[in-house]
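The values are calculated or read from the model by the stated rules, or taken from the named source; none is laboratory data. Note that the structure is a prediction, hence the values are computed from the model and not measured. Here the Cβ positions follow ideal geometry from the backbone for every residue, glycine too, while neighbour counts run over all protein chains shown.
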Amino acid sequence: MDQSRIRNFSIIAHIDHGKSTLADRILQLTEAVSERDMRDQLLDSMELERERGITIKAQAVRVSWKGHALNLIDTPGHVDFTYEVSRSLQACEGAVLVVDAAQGIEAQTLANAYLAIENSLEIVPVVNKIDLPQADPDGTARELAELLGGSPDDVLRISAKTGEGVATLLDAIVARIPAPSGEPTAAPRALVFDSSYDQYRGVIAFVRAVDGRFASGVALRAMALGTSFEAEELGFMSPTRTPVPALEAGEVGYVVTGLKDVSRLRVGDTLTTARSSAGAPLPGYKDVKPMVFAGLFPTDSDDYPELRDALEKLKLNDAALFYEPETSQALGFGFRCGFLGLLHMEIVRERLEREFDLDLLVTAPNVAYRVEDRNGQQIEVHNPAEMPREVEKIEEPYITASVIVPKEYVGDVMQLCTERRGRFDHMEYLSEERVLLSYELPLGEIVLDFYDQLKSRTRGYASFDYDLAGFREGQLTRVDILVGGDQVDALSLILHRDAAYDRGKQLVERLKVEIPRQMFDIPIQAAIGSRVIARETVKAKRKDVLAKCYGGDVTRKRKLLEKQKQGKKRMKQVGGVEVPQEAFLAVLNLDGSKR
Amino acid sequence: MTPRAGGRLAASARHLYVHLPFCAHRCGYCDFVTVVGRREEHVGYAAAVLAELALERPLLQDPLETVFVGGGTPTFTEQGALLRVLEGLPDAAEVTVEANPETVTPELALRLRQAGVTRISLGAQSFQPHLLGVLERRAGPADVRRAVHTLRDASFDNISLDLLYGIPGQEPADLERDLAEALALAPEHLSCYELEAKPGTRFSYAWGGELERQAEAMEGYLELVVERLSDAGYRWYETANFCLAKGCGAERDLRAQHNLGIWRGHDYLGLGVGGVSTIGAVRRRNLPSLERYRSALVAGREPPRELEPLDDATRACERLMLGLRLDEPLPLEGLEDRVDGDALERLAARGLVEARTLPGGKRAIALTTRGRFLGGGITAELVIWPRLAECGVEQAAASFGG
């Protein structure tokens, strides 16, 4: 296809600003999907995605509009998935930036706009939801124009829900976004921007052909890994797989590779033909490194093999997921998993529970630490229980956080950020009412309950996004929890020295509530090394016996005791103490406002 | 020893329970099979019970050890009907009848004595009028005292009093007073129960929340009961039961022999609506409908029943559950497979369970004094239950009285 007739674009937006609805409307308007097959948010094919109203995995769909082929490359809308957004954007020449007319610019609007600018994309700004009674299209258009440096008149006004203005938007996409400009006759090169795994056909790569021509049945090579395979089928999504004989420069589509091993084709790699002499690969992606870690344990230890198989399968579709076996004295065999962020963690957990029917215990998350021991040895620690007790220094990841709030909440946000060891960077007014606050914060202070606190202290008005800003040394210390005198590895945590006493105290108080009284006193202690910094006691029960038991109610009493035993089985044994699963999440439930 | 399920059950029961469901009024906390009023049906019901006895006679072993007539309020039953039942029952060394204080008259006491009754279990519950009010009991403290005296006059020398503790609003001082009042009557036996809000009762609806709130405050009440009664010379022989100890005024074994048989895992036959039997590998419950019970027996048929198979493992677990309620060591012979050795070791290390060796070298276990207050939790942990329950069957069944 002639490149001048191709437009490749993404839709980028803050969560819930209407990206998926717009994608649906475009599919409908361009008749890519019949009315009958139309299902809300068609692109979000995973059940979980539709339910949560978010898009997790990018997909690419081709539609026709007035003689042009438009490739819509969907992007995830959440902070955790910034890296997936950026790789989608590399396959595009333009981006439609959608902002809710009632909400205005939010943190992810900014993050996404900056990403698009970094990738030199043409941005088509759109104000959505103009049909809402509380919509302020003009005000929002002014904010957008200010952000992007244009005129409010260039900002399109649409309602993805009713379809109003969507045809005009499609015209604008054709008019404003540049056509691809690869070399149709050069040695073929295509960027792999996503992949998925099909049980029958192996790895399917989603690609943007940049130069040259890829024909079906030709031998291909992945330049970085050197993997060779045959292009079993080429095609584009419309929105189901539609085979074509060839993909040409500028086109977006898929390649059925037949590879059964996902590790042999990496997203970000460049495909070329086996015989070609393509010189340099296309600029790829930075390897994403998981920054948030948590232990995943099957509630029933017999399910360990199922959990292992499930993680293997998830990993096929989720390159960012990291896992390695972990053994906990308290929780048994499980895996230490690495995630891009908290939402990613939550999604993996839900997919494991829903799609694989597993009952899981997920420990409180922590970040990755870089540790230098006394011998100058550098190690990376993903689990507080593995933090050496004697260290030279500990570095923790920092983020640059952007928070956008109505001005009356500025004080609350500043207070929260300060409590979490934040360093103020700058503040700017986006409009008369709304303020952007920028802070540097340790990621470790974010992973527990920062987002919940931010939302509750700003009555839900704050929006939040962040970028990793590298590792910095911190005055950190390992705090262990002892229950009944035994250290519980799954409850260890890394805290800033200044907060260790307070948090240790809160944690043992919380555990006192979570651990039911048993037949003996249970001391609960927080300790730094051998020094106990907080202590509580769960007092022994004085009575636990059924009052009355005669011939007529033996069966009922037996069942009551069986039930009692069953309740015990669901708890974890820590040195003879029964600890309910919820207790392992106690650290998540500390009351932040009291800190 | 135990007959197999299927086929005809062998004669194995030396304990007989008879349920007389009639009451003048249903107390709010009661979840037994009871029938209010209907005096015109008492005679017919008595005939039905005797008809059921005739059908089930082959299950009884001669001689019977105990008979227990419970309710309901057996002494509320029309007197002719009650006496007909008592006279129709086989002889036994211990024959207990449950009575409510307000129903005890000199005439009734004499008739019971003449009918071979050896023991009366009197539902006193409390001596505090305000607490009796909460329980919706009809008798007042004076009725209880009068009833005991009346029974003594009729030369009953084995009287048991039922007391309830954990009544909403009950202060420790109330409990102290109840115990002192009960002891002043010098009963041979005392049953002290914690009040339970049984699901579905009117009481649970009215007081369930209050009972939950006071649970922690009243946690020490059982300790108080045990302490006061032990000091007064009573033997804490079962979790909720006390008898005058030998040497403390008693020359006989004053434990409730009927219930002791059940706690020791013996078979028993239960007659009447809601009556429960455990015979070998089967537990049967007569369904609670008075009408269906009577009409079946009038027609010469077995009353409608629910059957529960009891395999060896389940019976062994029940044996452990019941045996550990007693103060005597529980021989482990035949029960070893159902005891979790690790749990036993753990519980022993905590001073809750003791291993004992019986004369002849047989192994036994017993709960320590502290362990007996935690017997439920200990049993749950110690016993290897055959299958973890499909819980939730809350069948209202007749209790075997106290």
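When you scan the stretch B:40-53, do you find a residue that is touching an Asp or Glu at 6+ places or on another chain (Cβ under 8 Å), under 30 Å from B:LEU135 (Cα atoms) and not hydroxyl-bearing (Ser, Thr, Tyr), even just one? Yes, because at least one residue in the stretch B:40-53 is touching an Asp or Glu at 6+ places or on another chain (Cβ under 8 Å), under 30 Å from B:LEU135 (Cα atoms) and not hydroxyl-bearing (Ser, Thr, Tyr).
Might you let me know whether the stretch B:202-213 holds any residue that is assigned to a strand (DSSP E or B) and away from chain A (no Cβ under 11 Å)? Walk me through how you get there before you give the answer.
Step one: filter the stretch B:202-213 for residues assigned to a strand (DSSP E or B), giving none.
No; the residues of the stretch B:202-213 include none that is assigned to a strand (DSSP E or B) and away from chain A (no Cβ under 11 Å).
B:PRO199 falls short on exactly one of the conditions (1) touching a Ser or Thr at 6+ places or on another chain (Cβ under 9 Å); (2) farther than 30 Å from B:LEU185 by Cα, and that condition is (1). For the stretch A:546-557, indicate whether the set of residues that are in a helix (DSSP H, G or I), buried (at least 17 other Cβ atoms within 10 Å of the Cβ), within 14 Å of another protein chain (Cβ to nearest Cβ) and of a type in the set (Val, Ile, Thr) is non-empty. Yes, some residue in the stretch A:546-557 is in a helix (DSSP H, G or I), buried (at least 17 other Cβ atoms within 10 Å of the Cβ), within 14 Å of another protein chain (Cβ to nearest Cβ) and of a type in the set (Val, Ile, Thr). Each residue in the stretch A:266-312 was checked for being within 17 Å of A:HIS344 (Cα to Cα) and at pLDDT below 80, and 3 of them qualify. Scanning the stretch B:252-280 for residues that are away from chain A (no Cβ under 12 Å) and small (Gly, Ala, Ser) yields one hit, B:GLY280.
Taking the numbered list (1) in a loop (DSSP other than H, G, I, E, B); (2) among the β-branched types (Val, Ile, Thr); (3) modelled with pLDDT of 90 or more in turn, A:ILE533 passes all entries but (1). Answer with yes or no whether B:ARG370 is free of Cβ contacts under 8 Å to residues at least 24 places away in the same chain and facing chain A (nearest Cβ under 9 Å). When the stated conditions are applied, B:ARG370 passes them.
Across the stretch B:384-402, the qualifying residues are those that are facing chain A (nearest Cβ under 7 Å) and modelled with pLDDT of 50 or more, and the one among them that is surrounded by the most Cβ atoms within 10 Å (Cβ to Cβ) is B:TRP385. The number of residues in the stretch A:224-253 that are more than 20 Å from A:ALA280 (Cβ to Cβ), in a strand (DSSP E or B) and not aliphatic (A, V, I, L, M) comes to 10. Anything in the stretch B:301-328 that is surrounded by fewer than 19 Cβ atoms within 10 Å (Cβ to Cβ) and touching a Leu at 6+ places or on another chain (Cβ under 8 Å)? List them, or say none. B:GLU302, B:PRO304, B:ARG305, B:GLU306, listed by residue number.
Can you report the number of residues in the stretch B:132-142 which are hydrophobic (A, V, I, L, M, F, W, C) and either within 22 Å of the chain's Cα centre (by Cα) or not in a helix (DSSP H, G or I) (or both)? Quick ask: steps written out before the conclusion?
Residues of the stretch B:132-142 hydrophobic (A, V, I, L, M, F, W, C): B:132, B:134-135, B:139, B:142.
Narrowing further to those that are either within 22 Å of the chain's Cα centre (by Cα) or not in a helix (DSSP H, G or I) (or both): B:132, B:135, B:139.
Looking only at that region, the number is 3.
B:ARG137 falls short on exactly one of the conditions (1) surrounded by 19 or more Cβ atoms within 10 Å (Cβ to Cβ); (2) out of contact with any Cys (no Cβ under 9 Å at 6 or more places or on another chain), and that condition is (2).
Name every residue in the stretch A:460-490 that is of a type in the set (Ser, Thr, Tyr) and either buried (at least 21 other Cβ atoms within 10 Å of the Cβ) or modelled with pLDDT of 90 or more (or both), in order of residue number.
We begin by selecting, within the stretch A:460-490, every residue of a type in the set (Ser, Thr, Tyr); these are A:461, A:463, A:466, A:477.
Matches in the stretch A:460-490: A:SER463, A:TYR466, A:THR477.
Residues that are part of a loop (DSSP other than H, G, I, E, B), of a type in the set (Gly, Ala, Ser) and surrounded by fewer than 16 Cβ atoms within 10 Å (Cβ to Cβ) within the stretch A:187-223 comprise A:ALA187, A:GLY217, listed in sequence order.
Restricted to the stretch A:108-138, and to residues there that are touching a helix residue (DSSP H, G or I) at 6+ places or on another chain (Cβ under 8 Å) and small (Gly, Ala, Ser), the residue that is surrounded by the most Cβ atoms within 10 Å (Cβ to Cβ) is A:ALA116. If only residues of the stretch A:12-33 that are in contact with a strand residue (DSSP E or B) (Cβ under 9 Å, 6 or more places away or on another chain) and assigned to a helix (DSSP H, G or I) are counted, the one that is nearest to A:ASN112 (Cα to Cα) is A:LYS19.
Of all the residues in the stretch A:523-545, those that are basic (Lys, Arg) and either surrounded by 20 or more Cβ atoms within 10 Å (Cβ to Cβ) or at the interface with another protein chain (Cβ under 7 Å from one of its Cβ atoms) (or both) number 3. Listed by position, the strands (runs of 3 or more DSSP E) contained in the stretch A:349-411 that have at least 3 residues being within 27 Å of the chain's Cα centre (by Cα) and of a type in the set (Ser, Thr, Tyr) are A:391-406. Every condition in (1) in a helix (DSSP H, G or I); (2) of a type outside the set (Phe, Trp, Tyr); (3) at pLDDT below 90 holds for A:GLY77 except the one numbered (1).
Okay, residues lined up against (1) closer than 21 Å to B:PRO21 by Cβ; (2) outside any strand (DSSP E or B); (3) modelled with pLDDT of 95 or more; (4) under 21 Å from the mean Cα position of the chain (by Cα):
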| position | (1), (2), (3), (4) |
| --- | --- |
| B:ALA109 | no, yes, yes, no |
| B:SER121 | yes, no, yes, yes |
| B:HIS130 | no, yes, no, no |
| B:ARG146 | no, yes, yes, no |
| B:ASP162 | yes, no, yes, yes |
| B:PRO168 | no, yes, no, no |
| B:LEU183 | no, yes, yes, yes |
| B:PRO187 | no, yes, yes, yes |
| B:TYR193 | yes, no, no, yes |
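The single condition among (1) outside any helix (DSSP H, G or I); (2) more than 30 Å from A:GLY212 (Cα to Cα) that A:PRO178 does not satisfy is (2). Just the residues that are more than 7 Å from chain B (Cβ to nearest Cβ) and either buried (at least 19 other Cβ atoms within 10 Å of the Cβ) or in contact with a Gly (Cβ under 6 Å, 6 or more places away or on another chain) (or both), please, taken from the stretch A:561-577. Within the stretch A:561-577, A:LYS572, A:VAL574, A:GLY575, A:VAL577 meet the criteria.
Would you call A:LEU443 in contact with a Lys or Arg (Cβ under 9 Å, 6 or more places away or on another chain) and crowded, with 22+ Cβ neighbours inside 10 Å? Steps first, answer last, please.
On the way: in contact with a Lys or Arg (Cβ under 9 Å, 6 or more places away or on another chain): no; crowded, with 22+ Cβ neighbours inside 10 Å: yes.
No, not satisfied.
In the stretch B:78-90, the residues that are touching a residue at least 60 places away in the same chain (Cβ under 8 Å) reach residues that are of a type in the set (Gly, Ala, Ser) and surrounded by 16 or more Cβ atoms within 10 Å (Cβ to Cβ) with C-beta atoms within less than 6 angstrom, at least six apart or across chains, in these pairs: B:VAL85/B:ALA46.
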